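Only the coordinates and a few stated rules stand behind these numbers; no lab work does. It should be emphasised that the depicted structure is a prediction, and the values quoted were computed from it without experimental measurement. Ideal geometry is used to build each Cβ from the backbone, glycine not excepted, and the neighbour counts take in all protein chains shown.
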Amino acid sequence: MNKRLPIGLAIIMLGVPCSLLVAFTHYPAIQALINSFWNNASSRRPSRFVGVENYQALFEDDRLAQVLINSTIYALGTIPLAIGLAIGMALLVNSRLPGTTLMRLSFFMPTMLPMIAVANIWLFFYAPGIGLASQILGIFGLPSINFLGSTDTSLASMMFVAVWKEAGLFMIFYLAALQSVPTNLKDAAKLEGAGSVRIFIDVVMPLLRPTTIFVAVNALINAFRLVDHVIVMTEGGPNNSSALLLYYIYEVTFRQRDFAYGATLTVLMVIMLGILAIFQFWVLNRKAHYQ
Amino acid sequence: MSNGLNKILLSTFAAVIAALWALPFIYSVWTAFHDEKYSANFQWDAPWTIANFLEAWQAAPFSVYFFNTLILITIILIANLILCTLVAYAFVRYKFRWAGFLFALIMVQLLISPEILIVENYLTLSRVGLTDTIIGIALPYLTSAFGIFLLRQTFLTVPKSLDEAAQIEGAGAWRVLWNIYVPLAWPIYLAYSLVSISFHWNNFLWPLIVTNSPEVRPLTVGLSVFATVDSGVEWSLVNAATLMTTAPLIIAFIIFQRQFVANFMRAGIK
């Protein structure tokens, strides 16, 4: 049976870490909520209580509407694609094909790179007229495309960069899961005459569920919190076509110096993340119990 | 039979996919080692050079950036290892009121990570005058819910009998922690350190907001300034700088590849 925690030990063990955590996680979250009901202080007058004025502004903000649509497309596009690719990569790397070490290196390398480095690499790759993308299109006699400079392609181009960076990390988790699938299950299925596709769908897939839950939750959080590439590659442009929510918070707060609206957007983001996480957990858990 | 043909087809397919996946990175590396005039026109026999690296190194204070990043990841790693160990140990070995509630409060950080709270955290930092300092970049990351979670899971697997035996021998709380819990969690410490180092080596948005002057910039912020301002956007220079700033991580990864992957797996699954 565990002992009672003496107060002295409690202060030493929990005091510093918990106060740091509260100061930079809970306090700012609550402070954002409070600040969202106040307007910005200026040199002439102090900040004043404005009620839900900032929240009314949310509904009239056309840029925000665009940003939320972009974020939704970004999350819905990148997460399933990255997960699908990660499973495929894990199957390849886990197979008995020659060269799996090099394959693993190739798939996992982008994950090791900072998003800033990845952004530079792809900025160069996409560069109209200069980059490899244009050179390859040129070989086939196709005109070069301004991937990042056109409203039609900028968001998709950013999504591809994100998938490129993340799929390798998810592959590692699937690789671990694949290696822990008991071989006797697969052997049994084989004895029953199941082909490798059947074995994958009926034996392996259900065992990958917990990994998928873990990866999907992580991917969702990442889709919201990682916007380094947006800052470096497009600054949300052209015409907001590639702006994501956290990038918009950054721009409103630190470029336009509108801290009150920044706080309001932060509250919006925290609420959205909370709802999404609960929803995702609930849906995936239900599916997991279904079988 | 067709099995052999299948295998050849599948191998070719896998090799092509892996090569295409690595292509943007390989091309960037190739450009970094060649003259600027080849960056827009690939020529397989173009002469190799390291001039870009020398020029990039001189064009911006990369040695300062490297130093800052090293200080930053060291501060965060040491603080994380100590603080997360203490919290995890308290939760596993002792019972106290509100323990479950407190644990749930800590786990909130997994969802609402410091990146999302940049607005208010920046205001906090400027109120205490720590903007534009390395310690200011580190502060929100000194405790990590992920680290606490990971260590708690590990400490839970330590056999109670070992703990009790040590107590009978007269070992106090700290001796038990140091001689029993920490050694048994060694692989997890290693895994966590690798994850932490690579995360903070790569972190960009928060340091970008907090820092203003070149003296405190970490590598990622320095690189982005270099790529947009200092280099005059010469692609061979940008690629050389990109490669240079990430080389230590890449080399470390290639050397420790097996342990790294194994540890990443362990970190993710438990």
Select from segment B:110-187 those GluC sites (Glu not before Pro) which occupy a DSSP coil region and have at most 12 other Cβ atoms within 10 Å, ordered by residue number. B:Glu169
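Would you mind giving the average projected area, over all directions, of the Cα convex hull of segment A:89-216 in nm² with one decimal? The partial results should precede the final answer.
Details: hull surface 42.5 nm².
Spelled out: convex hull of the Cα atoms, projected over all directions, averaged, 10.6 nm².
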Using only helices, what value at 222 nm comes out for chain B when you add -39,500 (n - 2.57) per DSSP H run of length 4 or more and divide by the total residues, to the nearest 500 deg cm²/dmol? -22500 deg cm²/dmol
Only helices at least 27 Å long along their own axis, judged from Cα atoms, and with Kyte-Doolittle mean hydropathy of 0.0 or greater: name those in chain A from DSSP H. A:62-94, A:154-179, A:205-225, A:259-290
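Once you keep just the Cα pairs under 8 angstrom separated by 6 or more residues, what percentage relative contact order results for chain A?
Details: 292 pairs, mean separation 75.0, N = 291.
Normalised by residue count, the contact order of chain A is 26 percent.
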Sites B:Asn3 and A:Phe214 - FRET efficiency at Förster radius 41 Å, r taken between beta-carbons, to 0.05: 0.75
Cut-off is 10 Å between beta-carbons; in what order do B:Lys37, B:Lys7, A:Lys165 appear when sorted fewest neighbours first? B:Lys37, B:Lys7, A:Lys165
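Quickly rank B:59-67, B:203-211, A:124-132 as a protection proxy: mean count of other C-beta atoms within 10 Å, highest first. Walk me through the intermediate numbers first.
Working: B:59-67: 16.9, B:203-211: 23.6, A:124-132: 20.0.
Result, highest mean first: B:203-211, A:124-132, B:59-67.
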Cα centroid distance between segment A:1-50 and segment A:170-237, in Å? 37
Diffing segment B:197-206: the Karplus 3J(HN,Hα) column from phi (6.51, -1.76, 1.60, θ = phi - 60°), in whole Hz with x for Gly and Pro, holds 4, 5, 4, 7, 4, 8, 5, 10, 4, 5
With the cut-off at 14 Å, report for segment B:2-53 the share of all Cα pairs above it, as a whole percent. 63
If packing is taken as the mean number of other Cβ atoms within 10 Å per residue, what is the order of B:181-189, B:125-133, highest first? B:181-189, B:125-133
Round to the nearest 10 and give me the degree value, 0 to 90, for the angle of helix B:99-111's Cα axis relative to the longest principal axis of chain B. 10
May I ask for the angle, rounded to the nearest 10°, between helix B:235-255 and the longest principal axis of chain B, with both axes built from Cα atoms and the value confined to 0 to 90°? 40
For every other residue with a beta carbon closer than 12 angstrom to the beta carbon of A:Asn240, add +1 if it is Lys or Arg and -1 if Asp or Glu, then tell me the sum. -3
Please report how far the C-alpha centroid of segment B:71-110 lies from that of segment B:165-225, rounded to the nearest whole angstrom. 12
Which of these, A:Ser157, A:Ser242, A:Ser106, has the largest mean-square fluctuation under a Gaussian network model of chain A (Cα springs below 10 Å)? A:Ser106
GNM on chain B, C-alpha springs below 10 Å: top fluctuator among B:Ser224, B:Ser213, B:Ser39? B:Ser213
Classify chain B as rounded, prolate or oblate from the Cα gyration tensor: take a ≥ b ≥ c as the square roots of its eigenvalues, call it rounded if a/c is under 1.5, otherwise prolate when a/b beats b/c and oblate if not. oblate
Between A:Leu123, A:Leu85, A:Leu14, find the one with the highest GNM mean-square fluctuation for chain A; connect C-alpha pairs within less than 10 Å. A:Leu14
